[in-house]
Amino acid sequence: MTSKQPLNRIAETARAARDHVFSLATFWKRTVEVDGVKLTLDGASPRMRYVMFRGYESGDSSLALRHLTSTDRVLELGASVGFLALRCRKAFPTIAYCMVEANPDLSAIIRKNFELNGLLMGPLFSVAFGPNDGEVDFGISENFWSSSLLTRATESRRVRIPMLSLSTIVSQMTYTPNVLLMDVEGAETSLNVTDLKPFSKLMIEFHPKLTGEHAVRDIISALNKAGFYERDRDSATRYFERKIPEGLGG
């Protein structure tokens, strides 16, 4: 056991106590507003409740809004509760936006959040993103941001769900996307750069604690070889751009 482990356990215990107290103090709140987006607190764990009151995913959404336009056609892998989609749709009412979310528990939450914000929900694929088409075991965590294809200590159960590759997802969409937003808790290592031909903009959250730093370096190297270069970032989320040759794309 390293000297850091006891300290980490103390910090985790203190954080859990804080989250529990905060949850009790705000038990009567059914929704929270983050950057002008109203989100339901139904089913939120004490940890997620605390985080949502303190600006859930504000950095990622601000990064996206700096680079998206009203004419972009977006595919989001890992939509979670729909916050990023809602913030983009509010900022760009005419934007085309398709979501993919593997956690089957979140489909109803996403729909509820769109209702709360008075917006019609676009396409939602309730599947996991992966290297190929088939089925896969998916770990569900009470803190929804920790749910993942990878086995994690925080998961409460595993479920069998459909899995589709990026090329298959794109082929089933009603439009050809030019923007890919991705936060898939380590599954970004399944990204095949040959499937990125339609895209000119990428925003990817990397998870080196899950995948290892070497995997992040390998992905970025492959993206660079495919013509994508980093233009901006917010913490672990990086924004890449490339020019598509004329005649390609939707």
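The values are calculated or read from the model by the stated rules, or taken from the named source; none is laboratory data. The structure displayed is predicted, hence computed values, not measured ones. Quick reminder, even Gly has a Cβ in these numbers, built from the backbone with ideal geometry, and neighbours come from all protein chains shown. Only protein heavy atoms, including side chains, enter the accessible area calculation; ligands, DNA and RNA are left aside. Shrake-Rupley method; radii C 1.70, N 1.55, O 1.52, S 1.80 Å.
Summary of values
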item	result
Test: residue in region 178-191 that is more than 21 Å from Arg47 (Cβ to Cβ), among the small types (Gly, Ala, Ser), in contact (Cβ under 8 Å) with a residue 24 or more places away in the chain and touching a Pro at 6+ places or on another chain (Cβ under 7 Å)	yes
Members of region 203-236 found to be modelled with pLDDT of 95 or more, under 21 Å from the mean Cα position of the chain (by Cα) and of a type in the set (Lys, Arg), listed by number	Arg217, Arg231, Arg233
In region 211-225, the residues that are out of contact with any Phe, Trp or Tyr (no Cβ under 9 Å at 6 or more places or on another chain) and surrounded by 17 or more Cβ atoms within 10 Å (Cβ to Cβ)	Thr211
Check on Tyr97, open to solvent by 20 Å² or more (accessible area, probe 1.4 Å) and in contact with an Asp or Glu (Cβ under 8 Å, 6 or more places away or on another chain)	no
Total residues in region 179-210, condition open to solvent by 20 Å² or more (accessible area, probe 1.4 Å) and touching a strand residue (DSSP E or B) at 6+ places or on another chain (Cβ under 6 Å)	5
Filter result for Glu230 (open to solvent by 60 Å² or more (accessible area, probe 1.4 Å) and among the acidic types (Asp, Glu))	yes
Subset of region 17-57 [in a helix (DSSP H, G or I) and modelled with pLDDT under 90]	none
Matching entry among Arg111, Arg87 (being free of Cβ contacts under 8 Å to residues at least 60 places away in the same chain, charged (D, E, K, R) and closer than 22 Å to Ser148 by Cα)	Arg111
Lone qualifier among Ile161, Ile140 - being among the aliphatic types (A, V, I, L, M) and at pLDDT 95 or above	Ile161
So Val51, is it within 24 Å of Glu205 (Cα to Cα) and aliphatic (A, V, I, L, M)	yes
Single match in Tyr239, Tyr175 (criterion: open to solvent by less than 60 Å² (accessible area, probe 1.4 Å), under 18 Å from the mean Cα position of the chain (by Cα), under 19 Å from Thr69 (Cβ atoms) and in contact (Cβ under 8 Å) with a residue 40 or more places away in the chain)	Tyr239
Filter result for Asp35 (touching a residue at least 40 places away in the same chain (Cβ under 8 Å), within 30 Å of Pro198 (Cα to Cα) and acidic (Asp, Glu))	no
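Condition check ((1) closer than 25 Å to Tyr229 by Cβ; (2) surrounded by fewer than 19 Cβ atoms within 10 Å (Cβ to Cβ)) across all residues:
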position	(1), (2)
Pro6	no, yes
Ala17	no, yes
Gly36	no, yes
Met52	no, no
Gly55	no, yes
Ala64	yes, no
His67	yes, yes
Leu84	yes, no
